[in-house]
Amino acid sequence: KQWYQRRVRGEFLTRALGRLEMKHQFFYESLASLVTANFLRSFDEQFRDYRRRFREAPMADEKAEVYSDYCDFVNERMAEDMSIQTLGINHSGCDERECMNNECTSMEEHLKEVMRLAEVSFFCLLFNNAFLPNGEAQLQKDMMFRERLTELQSIATLDHPDIQVPARYHREAPWTPAQYHLNLLPAFKSPSGKLSCILSCVFTIFKLLFIGASGLTVLDGTTDESSVPGADDLMPVLIYTIIHCNPPNLLSTIEYINCFLPRNISGQDQYMWMQFSGAVEFIKTMLQRST
């Protein structure tokens, strides 16, 4: 009986600690949004100037240069602003001296979050100009691509000659959790927000493939490392998922992210982005063959 009571008490404390951490994170994100908004308002005149330069820039690469200048300006101001620096201190229980010297990972993550909020604020006001710089012509191109993908869905089966999803992964089709993340693309306006949807899609496919391969291995009673999914397993599933999800404005989304790609993308995130971009290029080839 005492053992059972200790177990129940332990589970209760674990759940309470989880709720406390969630409340702490929610409080920090709310406070970070408020402080960042006040921080951005402190140089509203310069902010308006960057927005004007961005709207007046005729070419995408010129818009990207203006946005790069804006990011450099925000980074310089963040290093000088005490409210931004103070907000990061001890928000994750780290040492104050390390935070002030920018030597802890918590402070680094905090500054990334502030920069993300600054990016969201920038692109929320300039989204139409940044996302569809060519206006109606670009929108028509997206609509035509989506219509052709809709036609391709009827023949894009798991065994299609250009797709050929390995048979051991057929049970997980059509990978609805991964499609869910792509369906969220229109809800985000910032490049990093749209990129996060795509990365979540690719990562979810990896997890589902791993679960499928692991389940098959367990049933077979083997532990062959070759059953671990790789790039050759990911690509056909990713192509199938994109075709059957068919998110709106897909071509413009890819151009948008490529133009304003977050500076800190590297490693696994960069790999997953390259895989997704490669899958879309392959789909374009499939459409050309079908004409």
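The values are calculated or read from the model by the stated rules, or taken from the named source; none is laboratory data. Remember, it's a predicted structure, so these values are computed and weren't measured experimentally. Neighbour counts are summed over all protein chains in view; Cβ atoms, including those assigned to glycine, are modelled from backbone coordinates with ideal geometry. Just so you know, the surface numbers come from the protein's heavy atoms only, side chains and all, with ligands and any DNA or RNA stripped out. Shrake-Rupley method; radii C 1.70, N 1.55, O 1.52, S 1.80 Å.
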**Report entry** Accessible area (Å², 1.4 Å probe, nearest 10) - Lys207
**Finding:** 100 Å²
Requested in this report: Give Lys189/Lys284; Lys207/Lys284; Lys23/Lys189; Lys112/Lys207; Lys112/Lys189 a once-over and call out the pairs whose C-alpha atoms are over 20 Å from each other.
Outcome: Lys189/Lys284; Lys207/Lys284; Lys23/Lys189; Lys112/Lys207
Query raised in the report: How large is ³J(HN,Hα) for each residue in region 135-144, as worked out from phi by the Karplus curve 6.51 cos²θ - 1.76 cosθ + 1.60 (θ = phi - 60°), to whole Hz, x for Gly and Pro?
Result: x, 4, 5, 5, 5, 5, 4, 5, 5, 5
Query raised in the report: Ignoring ligands, DNA and RNA, how do Glu80, Glu11 rank by accessible area with a 1.4 Å probe, largest first?
Result: Glu80, Glu11
Report task. May I ask you to rank His110, His160, His170 by accessible area, largest first, using a 1.4 Å probe over the protein chains only? Result -> His170, His160, His110
Report summary line: For region 38-81, the per residue accessible area (1.4 Å probe, Å²) is 59 Å²
Query raised in the report: Can you tell me the accessible area per residue over region 228-291, all protein chains present, probe 1.4 angstrom, in square angstrom?
Result: 42 Å²
Report summary line: Measure of exposure for Thr14: accessible area at 1.4 Å probe, Å² rounded to 10, is 100 Å²
Report task. With a Förster radius of 51 Å, plug the Cβ-Cβ distance of Ala79 and Ala187 into 1/(1 + (r/R0)^6) and report the FRET value to the nearest 0.05. Result -> 0.95
Query raised in the report: Amide H of Lys189: which non-local residues (sequence gap of 5 or more, or other chain) have their own amide H closer than 5 Å, using H built in the peptide plane?
Result: none
Report task. Can you sort Arg116, Arg51, Arg171 by 1.4 Å-probe accessible area, starting with the largest? Result -> Arg171, Arg116, Arg51
Query raised in the report: Gain in length, Lys23 to Ile211, computed as 0.36 nm per residue apart minus the alpha-carbon separation, to one decimal in nm?
Result: 64.5 nm
